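Please find one structure pasted underneath; my questions will follow.
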Amino acid sequence: MALKIIDHGSSDYQKMVDLRFALLRKPLGLTFTPEDLEGEKNDILIGVFEDEKLEGCCVLTEKDRKTIRLRQMAVTANLQGKGIGRALMSFAENIARDRGYRRLTMHARKTAVGFYEKNGYKVSSGEFSEVTIPHFEMEKEL
C-alpha cells in the first residue's frame with residue numbers, strides 16, 4: 001500500500017474523482033460540477049494505491065491558517081475494515097501537522113461517526129443534513 005499526494009488534473013486525480021463519484025455521489029443521485037472540481041486546485045489530494053489501483057482517497061481543504069477540513073473520504077467498499085481508512089487518516093493528519101495546521105475538522109456522515117471516534121475525533125455539532133443525508137461536524141486537535 002502506497003499513500004501519496006495526487007496532483008490536480010493528473011490521471012491519478014481522475015481515478016480519485018471516479019472513486020468518489022462511485023462511492024459518495026452516485027448512490028445519492030449527485031454528480032460533480034466542473035466548478036466543484038476546479039475548486040479543488042488548491043486542496044491537498046491524497047490517495048492510497050495498491051500497485052496502480054486507487055483503493056481510497058480524501059481531500060484536505062484549508063478553512064483558516066490553523067484549521068484544515070477533511071472532505072470526500074472514500075475507501076473501496078470491499079476493502080473497508082482492513083485498515084486503509086485508518087492509514088489514510090494518519091497520513092492526512094501528518095501532512096496537515098507538517099504544514100502547520102493545528103486542528104482537523106470534517107462533516108462526517110452519521111454512519112461514519114464511530115470510525116472517526118475510534119481515530120480520536122469528537123462530535124462538535126448537532127446532527128444536520130448535507131447532500132441529503134445526516135452528518136455531524138467532528139474535530140481533532142493535531
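No lab work stands behind these numbers, since they all come straight from the coordinates. This is a predicted model, so every value here is computed, not measured. With ideal geometry, Cβ positions are generated from the backbone for all residues, glycine too; neighbour counts draw on all protein chains shown.
Can you return the aspartates and glutamates within cross-link range of Lys41? Criterion is Cα-Cα under 18 Å, with same-chain partners fewer than 8 residues away left out.
List returned: Asp7, Asp12, Asp18, Glu62, Asp64.
What's the longest bit of the chain with no exposed GluC sites (Glu not before Pro), using DSSP loop states and at most 15 other Cβ atoms within 10 Å as the test?
It runs 53-126.
For an R0 of 30 angstrom, estimate the FRET efficiency from the Cβ-Cβ distance between Glu117 and Leu79 and round to the nearest 0.05.
Computed FRET efficiency for Glu117 and Leu79 comes out at 0.90.
Treating cross-link reach as a plain straight distance, find the lysines whose alpha-carbon is under 16 Å from the alpha-carbon of Lys140, omitting any fewer than eight places away in the same chain.
Reachable lysines: Lys63, Lys66, Lys118, Lys122.
Over the chain, with a single point scatterer placed on each C-alpha, what log10 of the ratio I(q)/I(0) does the Debye formula yield at q = 0.08, 0.10, 0.20, 0.21 1/Å?
The Debye formula, applied to the Cα set alone, gives -0.19, -0.31, -1.42, -1.57.
What residues from the stretch 14-28 fall in the zone where the backbone N is under 17 Å from a label point 7 Å along the Cα-to-C-beta line of Leu37?
Counting only backbone N, you get 14-26.
Tally Lys/Arg at +1 and Asp/Glu at -1 over every other residue whose Cβ is under 10 Å from the Cβ of Ser125; what's the total?
Within the 10 Å Cβ shell, the charges total -3.
Extending each Cα 7 Å along its Cβ direction at Arg103 and Met1, get the distance between those two points in nm, one decimal.
2.9
Give, in nm to one decimal, the length gained when the segment between Thr132 and Lys53 is fully stretched (0.36 nm per residue of separation minus the Cα-Cα distance).
25.5 nm
Okay, next question. Please report the relative contact order for the stretch 49-142, taking Cα pairs under 8 Å with a sequence separation of at least 6, and give it as a percent rounded to a whole number.
24
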